[in-house]
Amino acid sequence: TLLGGLLLSIFVCTLIYHSYLNRHNVEKEILRGLKNKEFFVEYQPVIESRSMKITGVEALLRWQHPIEGRIPPDLFIAYAETQGLIVQLTQHMMALVAADAHELQRAFSDKAKLSINISPHHMNKVSFHDDVLNFVEALPENAFQVVFEITERGMIDTEAAIREFNWLRRHKIEIAIDDFGTGHSALIYLEKFTLDYLKIDRGFVMSIDQKTLIAPVLDTVLRLTEELKLKTVAEGVETHQQADYLRNHGVTYLQGFLYSKPLGITVLMDFIRDFNEK
Ligand code: C2E
Ligand code: CA
Ligand code: CA
Ligand code: CA
């Protein structure tokens, strides 16, 4: 009976565990997590390929769940986007980044680029302009160039997107199209927007070593960005071979595990100083 009792309690625990984040609970869980301060931010260095110095960071949201452990943002953000929760999550994220910003600026001698991921769903919400202005005003003056990374996925209404992009640029925020190549957009679609950066998805970067069918597409994308005078950021750079190829093909910035994983603010500060001193 001891064994039976043990097995039963393991069974019950497993059930509770697996139902913890089922569809009905996710919304409640995110709200509880927000209240309970379970979310935090990590920053991944972005390297300028010409100088090979870290010139900015991308802020990435993290959730340390008390039972599930670390929940990947891919999981909870996709969910939050279908509900209204993405706005609250992003507001929280912005507050966390702003709180780190005074320290972060001390790692850089020049104006650093501070990239934030913005869901296209958020751009259509009434609070969007206020959320953005609150964030920018909370940053130390003139210390950062804010960059919003926006995926083309979910950007259905082109007219509205153009309007929002123009508003952002009037407020000195730069715009990057994130995960370029994974969405639906044709290359020509880019011409409609006033953009600053194109972030080349990891899938393309992986194709450099692997000689896959999509490898020639990367070259086409890089030629087009040159024509459109867009700066480029390659994400998911993991090998020197990839880095060399991207630098030789004029990619402006490199980001990936080859240089650094996303780091907490304390470790990040030392990392940037060491890296940029060399
Ligand atoms: P993303 O914007 O494409 O972010 C880059 C992701 O690739 C990050 O995963 C990062 O840790 C990972 N990565 C960076 N370098 C490498 C590499 O060399 N190799 C590999 N294998 N992976 C690399 P993460 O942090 O799990 O984020 C996943 C996605 O979640 C992000 O993709 C972004 O779309 C979304 N996300 C994260 N934070 C936020 C946020 O605050 N707001 C919104 N809207 N989305 C967010
Ligand atoms: Ca991103
Ligand atoms: Ca990306
Ligand atoms: Ca990606």
Top positive-direction residue, dipole computed over region 127-240 with Cβ charges, set Ala143, Thr220, Val205: Thr220
Mean accessible surface per residue for region 42-146, computed with a 1.4 Å probe while every protein chain stays in place, in Å²: 45
Charge tally in the Cβ shell below 10 Å around Arg153, where Lys, Arg are +1 and Asp, Glu are -1, Arg153 excluded: -4
When the convex hull of its Cα atoms is projected in every direction, mean area for region 110-224 (nm²): 8.1
If the convex hull is drawn through the Cα atoms of region 217-278, its volume per residue in Å³: 101
Amide H contacts under 5 Å for Gly56, placed H, 5+ residues apart: Val46, Lys113
Cα pair distances of region 24-141 binned at 5 Å [whole percent]: 2, 10, 20, 21, 19, 14, 9, 4, 1, 0
Listed residue pairs exceeding 31 Å between alpha carbons, taken from Lys37/Lys192; Lys192/Lys278; Lys53/Lys229; Lys28/Lys199: Lys37/Lys192; Lys192/Lys278; Lys28/Lys199
Alpha-carbon Rg with Dmax, taken over the chain, Å: 20.5, 74
Stokes-Einstein D (µm²/s) once Rh is taken as the Kirkwood radius of region 172-261 over alpha-carbon pairs, at 37 °C in 0.692 mPa s: 249
Ordering of 120-130, 136-146 by burial proxy (mean other Cβ atoms within 10 Å per residue, highest first): 120-130, 136-146
Apportionment of accessible area to carbon and sulfur, the chain, percent (1.4 Å): 56
Potential lengthening between Glu137 and Asp74 on full extension [0.36 nm per residue; Cα-Cα distance subtracted]: 19.8 nm
For His65, residues with placed amide H under 5 Å, excluding near neighbours: Arg70, Ile71
The chain - share of DSSP beta bridges that are antiparallel (%, nearest 5): 40
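The values are calculated or read from the model by the stated rules, or taken from the named source; none is laboratory data. Here the structure is a predicted model, which is why all the values come from computation and not from measurement. A quick note on method: Cβ atoms are made from the backbone with ideal geometry, for glycine too, and the neighbour counts reach across all protein chains shown. Calculation scope for accessible area: heavy atoms of the full protein, side chains included, ligands and nucleic acids excluded. Shrake-Rupley method; radii C 1.70, N 1.55, O 1.52, S 1.80 Å.
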